[in-house]
Amino acid sequence: MSSRTKLLNGSCHCGDLRFVFHTNQSESEFTPRLCQCLFCIRHDAKWITDPEGTVEITYREPTTVSFYSFGTRTADFIICRNCGVLVAAVSEIDGTRYAALNSKSMVEHSFNVQALLSDFDGESLEERLDRRKRNWIKRVTLTALGSISTMPATETLIDQAKIS
């Protein structure tokens, strides 16, 4: 990241899930994407990404985070179990974790452009994963607050969340 790195913060409503997004883009350079799947429509999710950015997603404990996947099951949607807010989507591709952030969960940041309607229904699985590798945030960490280690993979978090 260069000297013009911006920090964009986000969280769920109750604050149990938080993220810090490091990007060289200004808020005016982002065009949130409005996915047309029923899940994203119901959550009013508007997604932002920066393949050159970095995001650190933290949560209080495994019991506060829920992972939901559907359709191709190639992405997990990170939702707070306490307040129900969708904060991010993560996808593990070829050993690398990628993420997209729900701009509606941003704190003190707004995107003053109309969201771009996006329909991914016609994509093949290969096209979908290639698009994510090109466009989604490539440096992603998921960490429990108070933990001394970063969780190694989304699957570990999902397994821990299912235990509770």
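Data overview
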quantity	calculated
Segment 80-98: number of residues that are more than 17 Å from residue 21 (Cα to Cα) and assigned to a strand (DSSP E or B)	4
Hey, residue 86 buried (at least 16 other Cβ atoms within 10 Å of the Cβ), out of contact with any helix residue (DSSP H, G or I) (no Cβ under 8 Å at 6 or more places or on another chain) and either polar (S, T, N, Q) or at pLDDT 65 or above (or both) or not	no
Residue in segment 63-75 that is within 21 Å of residue 30 (Cα to Cα), in contact with a helix residue (DSSP H, G or I) (Cβ under 7 Å, 6 or more places away or on another chain) and touching a residue at least 40 places away in the same chain (Cβ under 8 Å) present	no
Qualifying residue in segment 24-37 (condition: within 16 Å of residue 144 (Cβ to Cβ), in a loop (DSSP other than H, G, I, E, B) and not charged (D, E, K, R))	no
Unmet criterion (only one of (1) in contact (Cβ under 8 Å) with a residue 60 or more places away in the chain; (2) surrounded by 14 or more Cβ atoms within 10 Å (Cβ to Cβ); (3) more than 21 Å from residue 12 (Cα to Cα)) for residue 28	(2)
Number of positions in segment 108-155 that are at pLDDT 65 or above, surrounded by 12 or more Cβ atoms within 10 Å (Cβ to Cβ) and not aliphatic (A, V, I, L, M)	16
Whichever residue in segment 2-23 is in a loop (DSSP other than H, G, I, E, B) and not acidic (Asp, Glu) and, among such residues, is modelled with the lowest pLDDT	2
Qualifying residue in segment 44-54 (condition: at positive phi and either of a type outside the set (S, T, N, Q) or in contact with a Ser or Thr (Cβ under 7 Å, 6 or more places away or on another chain) (or both))	yes
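Results for (1) of a type outside the set (Phe, Trp, Tyr); (2) more than 20 Å from residue 97 (Cα to Cα); (3) surrounded by fewer than 22 Cβ atoms within 10 Å (Cβ to Cβ), shown as yes or no for each residue.
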| position | (1), (2), (3) |
| --- | --- |
| 37 | yes, yes, yes |
| 41 | yes, yes, yes |
| 47 | no, no, no |
| 53 | yes, no, no |
| 68 | no, no, yes |
| 72 | yes, no, yes |
| 75 | yes, no, no |
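Residue-by-condition table, conditions (1) at pLDDT 90 or above; (2) part of a loop (DSSP other than H, G, I, E, B); (3) more than 17 Å from residue 138 (Cα to Cα); (4) touching an Asp or Glu at 6+ places or on another chain (Cβ under 6 Å):
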{"site": "41", "(1), (2), (3), (4)": "no, no, yes, no"}
{"site": "72", "(1), (2), (3), (4)": "no, yes, yes, no"}
{"site": "78", "(1), (2), (3), (4)": "yes, no, no, no"}
{"site": "101", "(1), (2), (3), (4)": "yes, no, no, no"}
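Residues are listed down the side, and each one gets a yes or a no for (1) at pLDDT 95 or above; (2) of a type in the set (Gly, Ala, Ser):
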| position | (1), (2) |
| --- | --- |
| 26 | no, yes |
| 34 | no, no |
| 37 | no, no |
| 44 | no, no |
| 52 | yes, no |
| 59 | no, no |
| 62 | no, no |
| 66 | no, yes |
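The values are calculated or read from the model by the stated rules, or taken from the named source; none is laboratory data. Quantities reported herein were computed from a predicted structural model and do not represent experimental measurements. FYI the Cβ positions are ideal-geometry reconstructions off the backbone, even for glycines, and counts take in every protein chain you see.
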